[in-house]
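**Q** Mind looking over this structure? Questions follow.
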Number of protein chains: 2
Amino acid sequence: MSTNIFAISRGDVRFPTALAAIHDPPPTLWIKGEIDVLRAPAVAIVGSRAASPYALEVARRLGADLARRNVTVVSGTARGVDSAAHRGALEGGGITVAVFGCGVDVIYPAEHRPLAERIAERGALVSEFAPGMPPLKSNFPQRNRIISGLSLAVVIVEAAEGSGSLITADFALEQGRTVLAVPGNVLGGRNYGAHALLRDGAKLVECADDILEELPASLTQPSAGIRDLGLGIGQEKESKKMNPASQDPVLRSMDDGDAYDFDEIAERSGLDRMKLLPRLLELELAGALRRVDGGRFVRFRGPC
Amino acid sequence: MSTNIFAISRGDVRFPTALAAIHDPPPTLWIKGEIDVLRAPAVAIVGSRAASPYALEVARRLGADLARRNVTVVSGTARGVDSAAHRGALEGGGITVAVFGCGVDVIYPAEHRPLAERIAERGALVSEFAPGMPPLKSNFPQRNRIISGLSLAVVIVEAAEGSGSLITADFALEQGRTVLAVPGNVLGGRNYGAHALLRDGAKLVECADDILEELPASLTQPSAGIRDLGLGIGQEKESKKMNPASQDPVLRSMDDGDAYDFDEIAERSGLDRMKLLPRLLELELAGALRRVDGGRFVRFRGPC
């Protein structure tokens, strides 16, 4: 692969917002590919390595349909569901991000080199491990927290009991991200893990719309822009009467010119951390907030 | 078939307790087979007529496993899931009850005559329609309320949108019965109805244990008897110190020698109707309550 490898540190303005919001973000993120894709709203699709044809088909379809709706598909390039999700996203003409449990220059499994190259062309390979790190077994559970940490939601497709994707689901819950699961055949135990998640309150997924429903509409319709965010920014008539931006609890919690990190905004706004992250991403996308060095946010004064 | 057909009226002491508790029980229940089986705890299994091999296998297994645990399997002898559930129960050596949308002497579909004969040998064919009533299309939705009404819980196996088994699920909810659903393939829409129920809070079923968990343990272990019901009846040592039966809210709500119907007991005990029905069946099975003519209950004075 010819693409350059570079590193961004936690305090860097380009460090992914969602990942910066977890309690133990990696100090450094190594990236091979397009760094800007890490700013877009993302959903993880993970599941069985020894996947059934059913699971492969579902992962591929979900990946393609999310990608078509401008949602980045995050996964781990493992055999089975992970690769099917990446391939689906590429088929859908969208962006996919692969999180490695080794250096981004080490392709594992090796047979996935062509897939990794295609991912890096428009998306990104990312890792908290420095280039050259081999795929040690012990790296993978830790890697899974990055998969969920980069994502607003995690979708489990076929997970047997004790599966690695259940670890990712646990991280997602801990990180305040939405957990979703695809149901399947009850005979044979292949879906035991996914069904256990559904029993515990995970959202049931039949198609991509079930996932999109869980995301703020403004994040999946990037053309909507500032006007539709209910901020009043750019709404000239109304802006003369009042400053509707002040009605947003996040913006209201921030003094002009000061920079705040995720925890400070959570505390000052009183917003639930699970709701805060999508809202921050919305505001950032709408241009109402800006990331600054140190990974903090400043309020952007709109034209009104 | 040589078995006799007979009718019991709503006020009859032999009228099934669970069915008597719905708001619109049929005035008469026609029965061909063993009337006593209608006293046992029952679970309905219903689903698609044009069932997939998967749904047929699941229905058969659930039927067999419930029957082995002394739970009566109720269904509608339709093609597909219904028949598979009946057949499973027979294979499991247990009892099954078929609710007809025609007279119990009219077999519909006709190809199910051998199945109906086997059901009536140890279980029962029941109908609110008098002998000779043809299987009018308009009979079936109404028939479905009897399927759920006879049952503590209703399990949906494969139901597409608009399926008749969703009508049964609606009746079950209205009647305060537990609704459960088996998940399956998300491609093709076969399980759209079952998945919609799961989204709405139906319990997810992978195996018979998931259903049994929703029933009072004493009902599925008939050998347990009075001693295990926590009533103190038969517990000689403790009974000398106190009358633990008076601690049961149902028994406490009833004066000795007086007869009460379901609604009266619900009102006097303050118990949720959904919890009251299984409790009444437990107390009846344990001999702490007795049905009397008019379909009412009297408290049975234990030996203590």
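**Q** Semi-axes, largest first, in whole Å: what does sqrt of 5 times each Cα gyration tensor eigenvalue give for chain A?
**A** On the way: eigenvalues 214, 94, 60 Å².
Taking √(5λ) for each Cα gyration eigenvalue gives 33, 22, 17 Å.
**Q** Convert each backbone phi in the range A:22-30 into a coupling constant with the Karplus relation 6.51 cos²θ - 1.76 cosθ + 1.60 (shift: θ = phi - 60°), then list the ³J(HN,Hα) values in order as whole Hz, x for Gly and Pro.
**A** Values per residue, Gly and Pro as x: 7, 6, 10, x, x, x, 9, 10, 8 Hz.
**Q** Something else: Give the chain B residue with the shortest beta-carbon distance to the rotation axis relating chain B to chain A, plus that distance as a whole number of Å.
**A** In chain B, the Cβ lying nearest the symmetry axis toward A is B:PRO183, 2.
**Q** Total Å² of accessible surface buried at the A-B contact, 1.4 Å probe, nearest 100? Display every interim value, and only then the final one.
**A** Numbers: alone 13490 and 13480 Å², together 25390 Å².
Separately minus together, A and B give about 1600 Å² buried.
**Q** Grab the Cα-Cα distance for B:SER9 and B:GLN142, subtract it from 0.36 nm times how many residues apart they are, and report the gain in nm with one decimal.
**A** Numbers: separation 133, 0.36 × 133 = 47.88 nm, distance 1.78 nm.
Taking 0.36 nm per residue and subtracting the Cα distance, the gain is 46.1 nm.
**Q** Would you mind giving the mean number of other chain beta-carbons within 10 Å of the Cβ of each residue in B:51-62, as a whole number? Don't jump to the answer; show the numbers that get you there.
**A** Working: counts 0, 0, 0, 3, 0, 0, 3, 3, 0, 0, 2, 1.
Taking all residues of B:51-62 together, the mean is 1.
**Q** Only four residue types carry charge here, +1 at the Cβ of Lys and Arg and -1 at the Cβ of Asp and Glu. Report the dipole size of the protein assembly as shown about the Cα centre in Debye, rounded to the nearest 20.
**A** Working: 70 positive and 76 negative charges, 85 e Å.
Dipole size: approximately 400 debye.
**Q** Based on the mean of other beta carbon atoms within 10 Å per residue, what is the order of A:64-72, B:7-15, A:112-120, A:145-153, most packed first?
**A** Details: A:64-72: 22.1, B:7-15: 15.8, A:112-120: 17.7, A:145-153: 26.9.
Per-residue mean Cβ counts within 10 Å order the peptides as A:145-153, A:64-72, A:112-120, B:7-15.
**Q** Per residue of the range A:82-89, in order, report the coupling 6.51 cos²θ - 1.76 cosθ + 1.60 (Karplus, θ = phi - 60°) as ³J(HN,Hα) in whole Hz, putting x for Gly and Pro.
**A** 4, 5, 4, 5, 4, 4, x, 4
**Q** Okay, moving on. For B:VAL104, which sequence-distant residues (separation of 5 or more, or a different chain) have an amide H within less than 5 Å of its own amide H, given hydrogens modelled in the peptide plane?
**A** Here the answer is B:GLY132, since their amide H atoms fall under 5 Å of that of B:VAL104.
**Q** If we count every other residue with Cβ under 15 angstrom of B:GLY201's Cβ, Lys/Arg +1 and Asp/Glu -1, where does the sum land?
**A** Working: positive: A:ARG199, A:LYS203, B:ARG177, B:ARG199, B:LYS203; negative: A:ASP200, B:ASP170, B:GLU174, B:ASP200, B:ASP210, B:GLU214.
Net of charged neighbours comes to -1.
**Q** Average partner chain C-beta neighbours within 10 Å, per residue of A:179-186?
**A** 5
**Q** Restricting things to Cα coordinates, could you compute the convex hull volume per residue of the range B:42-170 in Å³?
**A** On the way: hull volume 11.3 nm³, N = 129.
It comes to 88 Å³ per residue, whole-number rounded.
**Q** For A:VAL99, what residues show an amide H to amide H distance below 5 Å, using hydrogens built from the backbone and excluding near sequence neighbours?
**A** A:SER75, A:GLY76, A:THR77, A:VAL126
**Q** From other protein chains only, count the Cβ atoms within 10 Å of every residue's Cβ in B:199-207, then give the mean. Walk me through the numbers before you get to the answer.
**A** Working: counts 5, 0, 0, 0, 1, 7, 2, 9, 2.
That works out to 3 on average.
**Q** Could you derive backbone 3J(HN,Hα) for the range B:142-157 from the dihedral phi with the Karplus parameters 6.51, -1.76 and 1.60 (θ = phi - 60°), listing whole Hz in sequence and x where the residue is Gly or Pro?
**A** Values per residue, Gly and Pro as x: 5, 4, 4, 5, 6, 4, 6, x, 7, 10, 6, 8, 10, 10, 9, 10 Hz.
**Q** Of the DSSP beta bridges with both residues in chain A, give the percent that are antiparallel, rounding to the nearest 5.
**A** Looking only at bridges with both residues in chain A, the antiparallel portion is about 40 percent.
**Q** For every helix of n ≥ 4 consecutive DSSP H residues, a contribution of -39,500 (n - 2.57) applies; sum these over chain B, divide by its total residues, and give [θ] at 222 nm rounded to the nearest 500 deg cm²/dmol. If you can, show how the numbers build up before the last one.
**A** Working: 13 runs with 109 residues, N = 304.
One gets -10000 deg cm²/dmol as the mean residue ellipticity at 222 nm.
**Q** Just how large is the dipole of the range B:48-197 about the Cα centre, in debye to the nearest 20, putting +1 at every Lys and Arg Cβ and -1 at every Asp and Glu Cβ?
**A** On the way: 15 positive and 13 negative charges, 34 e Å.
The calculation lands at about 160 debye.
**Q** May I ask for the Kirkwood hydrodynamic radius of the range A:98-176, worked out over all distinct Cα pairs and given in angstroms to one decimal? Don't skip to the answer; put the middle values down first.
**A** Working: mean 1/r = 0.0754 Å⁻¹.
Radius from the Kirkwood sum: 13.3 Å.
**Q** Give me the three principal axis extents of the range B:31-100 from the C-alpha atoms, as integers in angstrom, largest value leading.
**A** In descending order, the Cα extents are 34, 24, 15 Å.
**Q** What per residue convex hull volume, in Å³, comes out for the protein assembly as shown when only alpha-carbon positions are used? Write out the running numbers ahead of the final one.
**A** Values: hull volume 122.9 nm³, N = 608.
Value for the protein assembly as shown: 202 Å³ per residue.
**Q** If the label for A:PRO53 sits 7 angstrom from Cα along the Cα-to-Cβ line, what are its distances to the same label in every other copy, in nm to one decimal, shortest first?
**A** Copy-to-copy label distances at A:PRO53, shortest first: 1.1 nm.
**Q** Right, next: Highest first, please rank the peptides B:102-109, B:136-143 by the mean number of other Cβ atoms sitting within 10 Å of their residues.
**A** Working: B:102-109: 19.5, B:136-143: 14.2.
Order by mean packing, descending: B:102-109, B:136-143.
**Q** Using DSSP, restrict attention to beta bridges with both residues in the protein assembly as shown and report what percent are antiparallel, rounded to the nearest 5. Numbers along the way, then the final one.
**A** On the way: 30 of 72 bridges.
Around 40 percent antiparallel, to the nearest 5.
**Q** Next up: Accessible area per residue, 1.4 Å probe, Å², for the protein assembly as shown: what's the number? Spell out each step's value before the answer.
**A** Working: 25390 Å² over 608 residues.
Result: 42 Å² per residue.
**Q** I'd like to compare A:250-258, A:181-189: which one has the highest average count of other Cβ atoms within 10 Å, and what's the full order after that? Please report the intermediate quantities before stating the final value.
**A** Working: A:250-258: 15.0, A:181-189: 21.0.
For the peptides A:250-258, A:181-189, the packing ranking is A:181-189, A:250-258.
**Q** Let me ask something else about it. Which distances, in nm and shortest first, link the B:ASN70 label point to the same label point in every other copy, taking 7 Å along Cα→Cβ?
**A** From this label point to the equivalent ones elsewhere in the assembly: 6.3 nm.
**Q** Then there is this: Roughly how many debye, to the nearest 20, is the charge dipole of the range B:109-230 about its Cα centre, given +1 on each Lys and Arg Cβ, -1 on each Asp and Glu Cβ, and no other charges?
**A** Numbers: 11 positive and 15 negative charges, 66 e Å.
I would put it at about 320 debye.
**Q** A follow-up question, please. For B:LEU136, which inter-copy label distances result when the label point lies 7 Å beyond Cα on the Cα-to-Cβ vector, reported in nm to one decimal and in ascending order?
**A** Copy-to-copy label distances at B:LEU136, shortest first: 7.7 nm.
**Q** Would you grab the residues whose amide H sits under 5 Å from the one on A:ASP261? Only those 5+ places off in sequence or on another chain, please, with H modelled 1.01 Å from N.
**A** Those qualifying (amide H under 5 Å, at least 5 residues apart or on another chain) are A:PHE297.
The values are calculated or read from the model by the stated rules, or taken from the named source; none is laboratory data. Values in this document were obtained by computation on a predicted structure and should not be read as measured data. Note that we place each Cβ from the backbone using ideal geometry, even for glycine, and neighbour counts take in every protein chain shown. Heads up: the accessible areas ignore ligands, DNA and RNA and are worked out on the full protein's heavy atoms, side chains in. Shrake-Rupley method; radii C 1.70, N 1.55, O 1.52, S 1.80 Å.
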